[in-house]
1. Do any cysteines in the chain lack another Cys Cβ under 4.7 Å, and if so which?
2. Apply the Karplus curve 6.51 cos²θ - 1.76 cosθ + 1.60, θ = phi - 60°, to the phi angles in the stretch 65-80 and return the couplings in whole Hz, x for Gly and Pro.
3. Using a Förster distance of 22 Å, how high is the FRET efficiency between residue 5 and residue 225, based on the Cβ-Cβ distance and rounded to 0.05?
4. Using modelled backbone amide H atoms (1.01 Å from N, in-plane), which distant-in-sequence or interchain residues come within less than 5 Å of residue 204's amide H?
5. Which of the aspartates and glutamates could a cross-linker span from residue 182 if the Cα-Cα distance has to be under 19 Å and same-chain partners fewer than 8 positions apart are dropped?
6. If you average the C-alpha positions of the stretch 31-92 and of the stretch 122-147 separately, how far apart do those two centres end up, in angstrom?
7. With labels modelled as points extended 7 Å from the Cα through the Cβ direction, what inter-label distance (nm, one decimal) is found for residue 62 paired with residue 292?
8. Mind checking the angle between helix 46-58 and the chain's longest principal axis? C-alpha axes, 0 to 90 degrees, to the nearest 10.
Amino acid sequence: MSQLVDAFGRQVEYLRLSVTDRCDFRCVYCMTEDPCFLPKDHVLHLEELAWIAQAFTELGVTKIRLTGGEPLVRSDCDQLVHLLGKLPGLKDLSMTTNGSRLSKFAKPMFDAGLKRLNISLDTLNPELFTQLTRNGKLARVIEGIDAAIAAGFERIKINAVVLKQQNDHEVIDLVNFCRDRKLDIAFIEEMPLGEMDERKDARHCSSDEVKAMINEYYPLQLSNKRTGGPARYYTMADSPIHIGFISPHSHNFCHECNRVRVTVEGQLLLCLGNEHSIDLKSIVREYPGDIERLKTAILQGIKLKPQQHVFDNNGVQILRFMNSTGG
């Protein structure tokens, strides 16, 4: 049982650990077109990331997801996977990726001990893909998805952020893509992190709207599948895949939140939609090897975890961008 219990009785068992704020895409819901990335000396070293992960697992965390930015732009990411895979008590080691480098790294990551993948894919239209990512190539991502399947990854999940009048007409195409490849898919409401011009347009598309689109073609049945994350999953009678909805706006899931994030700069973020944080990097660098001091700081930080976030559609509420937050 986790020792990390917040002031509202929620047990924290899930850590999202960012390994970089850099990315080879510039997605319109994630960052500005010309982002400012962290200087190298501000970024946690490989051993520091592994040490923080060890402290969390010793406190009862059983699930770690590596995030970014794009984790696979970091050249030593496979070494980190090796280190984390050896941690006692860690039951689930996964990664969120944009898929652009999976054709090269899927097999090495699988062999290093990575268990699961979430792959971002918002459109199947090559031109729109390049527009939404500002520079990405759809063909590379699809090659990466197929490479991950070939490498042996199971329970691969596609993540799709749906934006009104941009890619909402492709919801069924994305479902069919996943049906064909037997991939789960989660549709995500855009989160108001970071200020960008594109968000000034009315582009919010709710999970209820997406679910209604799917129900016209494939009647959905509520599933009892739970992954420890915020998604609510549904099934279809004629397919083994699950369709999830992550709804930070329309269906707040804070009452059962079991996760925290650590940014690549070493900030322990207690909530995606609030600014509460604890500086772990200063402890890691001032007291190297003192894991008890690090664990004490984490335990104290958990007490600051707020009861909930409040997202609405009236502009930016959190100034940090998603790539700096850790996906």
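1. Cysteines of the chain left without a disulfide-compatible partner: 23, 36, 77, 178, 205, 254, 257, 271.
2. My calculation for the stretch 65-80 gives 10, 7, 9, x, x, 10, x, 7, 7, 8, 5, 9, 5, 5, 5, 5 Hz in order.
3. On the way: r = 25 Å, r/R0 = 1.15.
FRET efficiency, residue 5 to residue 225: 0.30.
4. Under 5 Å from the amide H of residue 204: 164.
5. Within the straight-line limit of under 19 Å, residue 182 reaches these aspartates and glutamates: 122, 143, 146, 154, 170, 173, 238.
6. 25
7. For residue 62 paired with residue 292, the spin-label model returns 2.8 nm.
8. The angle comes out at about 90 degrees.
The values are calculated or read from the model by the stated rules, or taken from the named source; none is laboratory data. Bear in mind the structure is a predicted one, so any value in this text is a computation, not a measurement. Every residue, glycine as well, gets a Cβ built from its backbone with ideal geometry; the counts of neighbours run over all protein chains shown. The protein model used for the area step is the full one, side chains on, heavy atoms only, and it has no ligands, DNA or RNA in it. Shrake-Rupley method; radii C 1.70, N 1.55, O 1.52, S 1.80 Å.
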